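Here the structure comes first, spelled out in structure tokens, and everything after it is commentary.
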């Protein structure tokens, strides 16, 4: 007999309904093996039935992952870090899930050696025997303490990333404000990100580094000395072109992402090969037009 006692009737009902559905789907079982009593207790008759035991274990594991884990993350956010705003909690949770799902390798490096899913599976495996009775809330309080410590580490890393993203969005907003209403010094700019970063005007004449430096608005660098890239971002903001054609073979690199976020509707992305094809097709450009860039 497996008996699980819940303090929350909602938790008990959710677990019972999920377990009932799974037992009906995957096990030709007697309808009398599953019982829901007093709105708080789920009982399963699983004597000598390994299939039933495995289903109960898996449903219990999924119940925690899908219905309880986010509640625990939110509790850590509120009790340890005082994040009570639901919007902020949700944004941090999205970062946590991106780490758990393996889509943020850059952040996963900060929690290397930790595996919430495997720790939970291990705790569940240790808990379930052939005949057991336990309190779900006591299980969470005592047996899952090491897991909660791991979850706290995920929260810490995700909060740091959230703060950095907030600062980045403020930075982008400030630069878009700087750009707003600024008259273009050159209407069209071609930017090639190959082994270096190269600027060309609308006639495909290369704008040399010295000319770019003379175009940079000094207020921009003095107000944002740390964050503004003087090689690419500062010249583009200072020139304020109506159209930017950016050529790269890696549109996911951080610099391209920042340019995209600042200039948005002014920006068009193409491959490096597309630029050289375009350049070759317009090789007749008037050489006199290019002499103004020493």
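The values are calculated or read from the model by the stated rules, or taken from the named source; none is laboratory data. Computed from a prediction, not measured in an experiment: that's the story for all the values here. Ideal geometry is used to build each Cβ from the backbone, glycine not excepted, and the neighbour counts take in all protein chains shown.
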Quiz item: residue 117 fails exactly one of the following numbered conditions: (1) loosely packed, with under 15 Cβ neighbours inside 10 Å; (2) at pLDDT 90 or above; (3) within 13 Å of residue 69 (Cβ to Cβ). What is the number of that condition?
Solution: (2)
Exercise. Could you tell me whether any residue of segment 101-114 is closer than 24 Å to residue 11 by Cα and surrounded by 16 or more Cβ atoms within 10 Å (Cβ to Cβ)?
Key: no
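Take segment 261-277 and flag every residue that is surrounded by 16 or more Cβ atoms within 10 Å (Cβ to Cβ) and not in a strand (DSSP E or B).
Residues satisfying the conditions are 261, 262, 263, 266, 275.
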Self-check item: Condition broken by residue 192, with the remaining ones in (1) over 30 Å from residue 42 (Cα atoms); (2) buried (at least 17 other Cβ atoms within 10 Å of the Cβ); (3) in the same structural domain as residue 113 (by TED's automatic domain parsing) satisfied
Solution: (3)
Exercise. Considering only residues that are in contact with a strand residue (DSSP E or B) (Cβ under 9 Å, 6 or more places away or on another chain) and either modelled with pLDDT under 90 or assigned to a strand (DSSP E or B) (or both), look in segment 1-25 and name the one that is surrounded by the fewest Cβ atoms within 10 Å (Cβ to Cβ).
Key: 1
Quiz item: Restricting segment 40-57 to residues that are buried (at least 20 other Cβ atoms within 10 Å of the Cβ) and assigned to a helix (DSSP H, G or I), which is modelled with the lowest pLDDT?
Solution: 52
Exercise. Considering each residue of segment 70-92, count those that are in contact (Cβ under 8 Å) with a residue 24 or more places away in the chain and part of a helix (DSSP H, G or I), and give that number.
Key: 9
Quiz prompt | Members of segment 200-219 that are touching a helix residue (DSSP H, G or I) at 6+ places or on another chain (Cβ under 6 Å) and closer than 21 Å to residue 248 by Cβ | solution = 204, 205, 212
Quiz item: Can you name every residue in segment 162-183 that is out of contact with any helix residue (DSSP H, G or I) (no Cβ under 7 Å at 6 or more places or on another chain) and either closer than 20 Å to residue 244 by Cα or surrounded by 12 or more Cβ atoms within 10 Å (Cβ to Cβ) (or both)?
Solution: 165, 166, 168, 171, 173, 174, 177, 180, 181, 182, 183
Quiz item: For segment 125-140, what are the residues that are at pLDDT below 90 and either under 17 Å from residue 153 (Cβ atoms) or in a helix (DSSP H, G or I) (or both)?
Solution: 125, 126, 127
